[in-house]
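Asks: Got a structure here, written out as structure tokens. Questions coming.
The values are calculated or read from the model by the stated rules, or taken from the named source; none is laboratory data. A quick note: this is a predicted structure, and the numbers were derived from the prediction, not measured. FYI the Cβ positions are ideal-geometry reconstructions off the backbone, even for glycines, and counts take in every protein chain you see.
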Protein chains: 2
Amino acid sequence: MPTPTTPKDPRPETITADDVAEFAGGSRWTVNRAFKQKASISTKSRKKVMAAAEQLGYVPDLLAASLASDKSNLVALLVDDFSNPHKLVMLERLTRILRKNGWDTLLVNTLDENDTSSALLNASQRRVDAAVLIGIQYNDKVLAAALGARRVRKLIVFARYSENPDTISICCDDQAAISTVADYVMQKGYQRPFFLAGPQTSSAHLMRKETFLNRWYQEYGVKPSSASVPVYDQRLAFDVVSKHFAGFNRADLPDVIVCENDALALGTVDAIKYSLGLRVPEDIAVTGFDDVPQADSPHYLLTTYRQPITAMAEGLVKVLKSHGELEDLRKFSGELVVRNSA
Amino acid sequence: MPTPTTPKDPRPETITADDVAEFAGGSRWTVNRAFKQKASISTKSRKKVMAAAEQLGYVPDLLAASLASDKSNLVALLVDDFSNPHKLVMLERLTRILRKNGWDTLLVNTLDENDTSSALLNASQRRVDAAVLIGIQYNDKVLAAALGARRVRKLIVFARYSENPDTISICCDDQAAISTVADYVMQKGYQRPFFLAGPQTSSAHLMRKETFLNRWYQEYGVKPSSASVPVYDQRLAFDVVSKHFAGFNRADLPDVIVCENDALALGTVDAIKYSLGLRVPEDIAVTGFDDVPQADSPHYLLTTYRQPITAMAEGLVKVLKSHGELEDLRKFSGELVVRNSA
DNA sequence: TTGTACGCGTTATCAA
DNA sequence: TTGATAACGCGTACAA
């Protein structure tokens with residue numbers, strides 16, 4: 001039973017397994033077992049323990065448990081680009097599915113590239129079972145540093161391809177995905193495509209631009225031109241597209257702008273309509289990638305590619321549960337969502 | 001020095017303060033002190049310790065530290081409505097500022113109302129220093145349950161007013177904010193306002209609707225009509241507004257729709273333009289609340305009210321640092337951002 | 001099925 | 001300023 005707090009003790013009274021044990025008339029370890037799913041314990045003992053725990057309001061302390069077992073059931077999610085609305089979708093899905101499977105989530109906002117390693121360090125100090133990178137600035141330099149220090153047990157790159165063998169990458173098959181988009185664009189008869197890419201990080205990055213350009217070259221013998229936006233940000237994409245095409249003759253404009261993701265695509269639609277004063281898709285069509293919620297707004301009605309985030313999140317759970325080798329999780333495939341923009 | 005892992009020991013070798021102490025020629029407690037900002041330790045000792053730590057790659061274990069000190073430097077953020085894009089803004093700001101001040105963030109996705117108490121319980125098992133509620137389903141019943149169990153040390157309601165004395169509410173002065181909006185709407189000469197409210201949770205909720213209606217009544221002696229959307233979701237708002245005004249005569253339509261927040265306002269603009277086939281603001285004006293990034297898109301150009309999230313987040317830090325009494329943090333004030341929609 | 005050393009890595013507190 | 005004792009609350013491994 002919890003001893004009444006003495007005036008000298010500023011610490012709030014905590015109910016421990018010992019208290020429950022004493023109350024239920026058993027030992028601390030029986031209490032421990034009662035709270036584990038698969039443990040050899042008689043149903044009678046468990047019942048008694050659980051009743052006592054209920055009475056006393058006992059719940060196991062996860063800090064102490066983590067310390068003793070060297071397993072925290074904690075996962076760190078590192079994010080650096082909050083301007084992309086797709087992040088919210090991923091966060092929702094990941095936190096939900098992780099929680100369903102018994103993991104808690106540490107959300108870490110990495111302020112810049114240098115900050116990443118300190119964030120990783122911080123996460124490791126909490127003994128996270130894994131750190132998941134969901135951003136754009138996580139290049140090989142960062143990965144190498146993180147892995148070199150053996151700071152984190154599992155380093156996972158989510159929704160992005162990584163070849164680093166010490167890293168687990170969970171993503172969809174971008175080559176196939178972009179090919180799907182390219183095929184659609186070709187089939188619809190567009191002839192002067194333009195590719196709008198995101199930040200050109202040094203590595204571990206998306207190959208969408210290269211894939212699309214190569215695909216087009218294979219088919220038609222010409223490389224479409226392209227531009228890049230330094231951040232996946234709708235507003236910035238608007239600016240880049242507006243400036244890029246300002247003063248172009250109608251004939252020199254593309255008839256479709258293929259965007260690396262929806263954040264860029266939304267900005268592109270804005271630019272076409274409000275800066276160039278043209279129509280989508282009649283004058284210039286647009287495709288995106290991600291299928292963010294706004295893609296469905298009547299303003300945009302974006303034709304885009306939806307990644308199977310739920311399946312990917314479940315893949316993450318698998319990784320967390322696994323100990324040894326694992327299948328390749330870099331080949332998820334999604335689906336093209338055809339709306340009005342292309 | 002870390003002893004080489006014996007084949008029997010599956011646990012990865014960890015460098016502890018003892019290792020550093022031995023290496024540096026001191027005691028564990030000196031090492032501990034070297035890592036604290038304000039601790040009585042000679043600069044010489046500290047230097048020696050830090051050098052040794054650097055050599056060995058030692059970092060303090062936060063789990064053990066939390067367990068021993070009964071302070072986790074961990075804050076749980078509970079969120080239940082990820083469809084509101086403003087959440088992403090809040091998450092970015094909160095995680096950034098908390099991290100800057102030494103707190104880590106646990107992001108918890110509470111699936112439904114019942115789940116909240118179990119989420120709170122879970123957070124308490126990690127000994128979080130505080131739980132911050134950033135959602136819509138956290139009504140008095142939930143709060144009472146949470147507090148009754150004394151599960152969490154500090155329960156903070158963020159961006160929402162709460163009168164519960166055991167709860168710390170950090171929000172802006174909604175009355176003043178809405179009055180600002182109302183004044184603007186009146187000054188612009190609108191005469192047939194309509195209020196679009198969000199989910200009508202039982203308590204700890206926003207008084208924006210009541211405030212606006214009363215304000216208008218005071219001024220003109222009539223209560224504007226209103227409707228409510230069950231979730232702060234752009235798409236749902238679109239549906240509600242479309243249905244509500246379908247078949248109205250032009251003369252019966254409002255000349256301005258005041259929305260409880262931007263998520264609703266964006267959907268409202270969509271509905272006016274694409275469902276009713278009218279113009280914003282010429283036929284119907286719209287105001288929002290929050291100033292989400294998209295509010296600045298040329299499609300929307302939303303006139304809206306921006307809360308001082310940064311200041312509010314810093315208020316949260318103050319709360320975390322404080323021990324005793326605290327000023328009232330429910331009177332932050334923001335500013336009206338005038339764009340084109342009203 | 002149940003009970004017992006011992007350890008996890010750190011911090012509070014007091015003594016030197 | 002430094003060192004030492006005693007927690008913090010639980011898990012593992014093994015013995016009863």
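Asks: Quick one: how many residues across the stretch A:257-279 are crowded, with 24+ Cβ neighbours inside 10 Å and more than 17 Å from A:D81 (Cα to Cα)?
Replies: Summing the residues that are crowded, with 24+ Cβ neighbours inside 10 Å and more than 17 Å from A:D81 (Cα to Cα) in the stretch A:257-279 gives 8.
Asks: Just one of (1) touching a Phe, Trp or Tyr at 6+ places or on another chain (Cβ under 7 Å); (2) within 30 Å of B:V132 (Cβ to Cβ); (3) not charged (D, E, K, R) trips up B:V317, so point out which.
Replies: Failing condition for B:V317: (1).
Asks: What's the number of the condition A:R96 fails, among (1) farther than 30 Å from A:K223 by Cβ; (2) crowded, with 19+ Cβ neighbours inside 10 Å; (3) under 15 Å from the mean Cα position of the chain (by Cα)?
Replies: The single condition A:R96 does not satisfy is (2).
Asks: Still on this model: Could you check A:V132 against (1) within 11 Å of another protein chain (Cβ to nearest Cβ); (2) buried (at least 23 other Cβ atoms within 10 Å of the Cβ); (3) touching a residue at least 60 places away in the same chain (Cβ under 8 Å) and say which number it fails?
Replies: Condition (1) is where A:V132 drops out.
Asks: Output the residue which, of all residues in the stretch A:16-29 that are out of contact with any Lys or Arg (no Cβ under 6 Å at 6 or more places or on another chain) and closer than 15 Å to A:E54 by Cα, is surrounded by the most Cβ atoms within 10 Å (Cβ to Cβ). Quick ask: steps written out before the conclusion?
Replies: Here is the first cut: in the stretch A:16-29, the residues out of contact with any Lys or Arg (no Cβ under 6 Å at 6 or more places or on another chain) are A:16, A:19-20, A:22-23, A:25-29.
Right, trim to closer than 15 Å to A:E54 by Cα and you get A:16, A:19-20, A:22-23, A:25.
Working: A:T16: 17, A:D19: 20, A:V20: 29, A:E22: 16, A:F23: 20, A:G25: 11.
Looking at residues that are out of contact with any Lys or Arg (no Cβ under 6 Å at 6 or more places or on another chain) and closer than 15 Å to A:E54 by Cα, I get A:V20.
Asks: Let me ask something else about it. I'd like to verify a number: residues in the stretch B:68-94 that are without any contact (Cβ under 8 Å) to a residue 40 or more places away in the chain and near DNA strand C (Cβ under 10 Å from one of its atoms), how many?
Replies: Final tally of qualifying residues: 2.
Asks: Just need a number here: residues in the stretch A:148-198 that are hydroxyl-bearing (S, T, Y), free of Cβ contacts under 8 Å to residues at least 40 places away in the same chain and not in a loop (DSSP other than H, G, I, E, B).
Replies: 1
Asks: While we're here: List, please: which pairs have Cβ atoms under 6 Å, are six or more places apart or on different chains, and start with a residue in the stretch B:240-253 that is more than 14 Å from B:K273 (Cα to Cα) and modelled with pLDDT of 95 or more and end with one that is buried (at least 18 other Cβ atoms within 10 Å of the Cβ) and among the basic types (K, R)?
Replies: Between residues of the stretch B:240-253 that are more than 14 Å from B:K273 (Cα to Cα) and modelled with pLDDT of 95 or more and residues that are buried (at least 18 other Cβ atoms within 10 Å of the Cβ) and among the basic types (K, R), there is no close pair.
Asks: Kindly indicate whether any position in the stretch A:86-105 is in a strand (DSSP E or B), away from DNA strand D (no atom under 13 Å from the Cβ), facing another protein chain (nearest Cβ under 8 Å) and under 23 Å from B:G57 (Cα atoms). Show your work before the answer.
Replies: Step one: filter the stretch A:86-105 for residues in a strand (DSSP E or B), giving A:104-105.
In the following step, the residues that additionally are away from DNA strand D (no atom under 13 Å from the Cβ) were identified as A:104-105.
The next check asks that each one be facing another protein chain (nearest Cβ under 8 Å); those that pass are A:104-105.
If we keep only those that are under 23 Å from B:G57 (Cα atoms) as well, we get none.
No.
Asks: Of everything in the stretch B:277-298 that's out of contact with any helix residue (DSSP H, G or I) (no Cβ under 6 Å at 6 or more places or on another chain) and without any contact (Cβ under 8 Å) to a residue 60 or more places away in the chain, which residue is nearest to A:D239 (Cα to Cα)?
Replies: Of everything passing the filter in the stretch B:277-298, B:D296 is nearest to A:D239 (Cα to Cα).
Asks: Is it the case, given these coordinates, that A:N249 is surrounded by 12 or more Cβ atoms within 10 Å (Cβ to Cβ) and of a type in the set (S, T, N, Q)? Step through it out loud before you land on a result.
Replies: Numbers: surrounded by 12 or more Cβ atoms within 10 Å (Cβ to Cβ): no; of a type in the set (S, T, N, Q): yes.
No: the conditions fail for A:N249.
Asks: Also, quick follow-up: Only one of these conditions is not met by A:N214: (1) part of a helix (DSSP H, G or I); (2) within 19 Å of A:D290 (Cα to Cα); (3) at pLDDT 95 or above. Which number is it?
Replies: Every listed condition holds for A:N214 apart from (2).
Asks: May I ask you to list the residues in the stretch A:253-277 that are away from every other protein chain (no Cβ under 13 Å) and part of a loop (DSSP other than H, G, I, E, B)? First the steps, then the outcome.
Replies: Taking the stretch A:253-277 and keeping what is away from every other protein chain (no Cβ under 13 Å), we get A:253-261, A:264.
Within the stretch A:253-277, A:L253, A:P254, A:D255, A:E260, A:N261 qualify.
Asks: Separate question: Considering (1) more than 16 Å from DNA strand D (Cβ to nearest atom); (2) more than 7 Å from chain A (Cβ to nearest Cβ); (3) at pLDDT below 95, say which one B:L111 fails and leave the rest.
Replies: (2) is the only condition that B:L111 fails.
Asks: Scan the stretch A:60-89 residue by residue and report those that are of a type in the set (S, T, N, Q) and more than 22 Å from the chain's Cα centre (by Cα). Working first, answer last.
Replies: Here is the first cut: in the stretch A:60-89, the residues of a type in the set (S, T, N, Q) are A:66, A:69, A:72-73, A:83-84.
Those that are of a type in the set (S, T, N, Q) and more than 22 Å from the chain's Cα centre (by Cα): A:S66, A:S69.
Asks: Does A:T110 satisfy the criteria of being β-branched (V, I, T), under 18 Å from B:D112 (Cα atoms) and either buried (at least 21 other Cβ atoms within 10 Å of the Cβ) or without any contact (Cβ under 8 Å) to a residue 24 or more places away in the chain (or both)? Walk me through how you get there before you give the answer.
Replies: Numbers: β-branched (V, I, T): yes; under 18 Å from B:D112 (Cα atoms): no; either buried (at least 21 other Cβ atoms within 10 Å of the Cβ) or without any contact (Cβ under 8 Å) to a residue 24 or more places away in the chain (or both): yes.
Judged against the criteria, A:T110 is not a match.
Asks: Scan the stretch B:39-69 residue by residue and report those that are touching a Lys or Arg at 6+ places or on another chain (Cβ under 6 Å) and assigned to a loop (DSSP other than H, G, I, E, B).
Replies: B:A39, B:I41
Asks: State which residue is farthest from the chain's Cα centre (by Cα) when the search covers only the stretch B:201-252 and only residues that are under 22 Å from B:L111 (Cα atoms) and charged (D, E, K, R).
Replies: Checked the stretch B:201-252; the qualifying residue farthest from the chain's Cα centre (by Cα) is B:R235.
Asks: Restricting to the stretch A:44-79, give me the number of residues that are facing chain B (nearest Cβ under 10 Å) and charged (D, E, K, R).
Replies: Within the stretch A:44-79, residues that are facing chain B (nearest Cβ under 10 Å) and charged (D, E, K, R) number 2.
Asks: Something else now. Quickly run through the stretch B:278-300 and pick out the residues that are touching a Ser or Thr at 6+ places or on another chain (Cβ under 7 Å), over 23 Å from B:E92 (Cβ atoms) and either within 13 Å of chain A (Cβ to nearest Cβ) or assigned to a loop (DSSP other than H, G, I, E, B) (or both).
Replies: Matches in the stretch B:278-300: B:V280, B:P281.
Asks: Inside the stretch B:304-342, can you point out the residues that are assigned to a loop (DSSP other than H, G, I, E, B), hydrophobic (A, V, I, L, M, F, W, C) and crowded, with 18+ Cβ neighbours inside 10 Å? First the steps, then the outcome.
Replies: Filtering the stretch B:304-342 for residues assigned to a loop (DSSP other than H, G, I, E, B) gives B:307-308, B:322-331, B:333-334, B:338-342.
Next, from what is left, pick out any that are hydrophobic (A, V, I, L, M, F, W, C): B:326, B:329, B:338, B:342.
Answer for the stretch B:304-342, where residues must be assigned to a loop (DSSP other than H, G, I, E, B), hydrophobic (A, V, I, L, M, F, W, C) and crowded, with 18+ Cβ neighbours inside 10 Å: B:L329, B:A342.
Asks: For the stretch A:30-67: of the residues being near DNA strand C (Cβ under 9 Å from one of its atoms) and of a type in the set (K, R), which is surrounded by the fewest Cβ atoms within 10 Å (Cβ to Cβ)?
Replies: Among them, the one singled out is A:K44.
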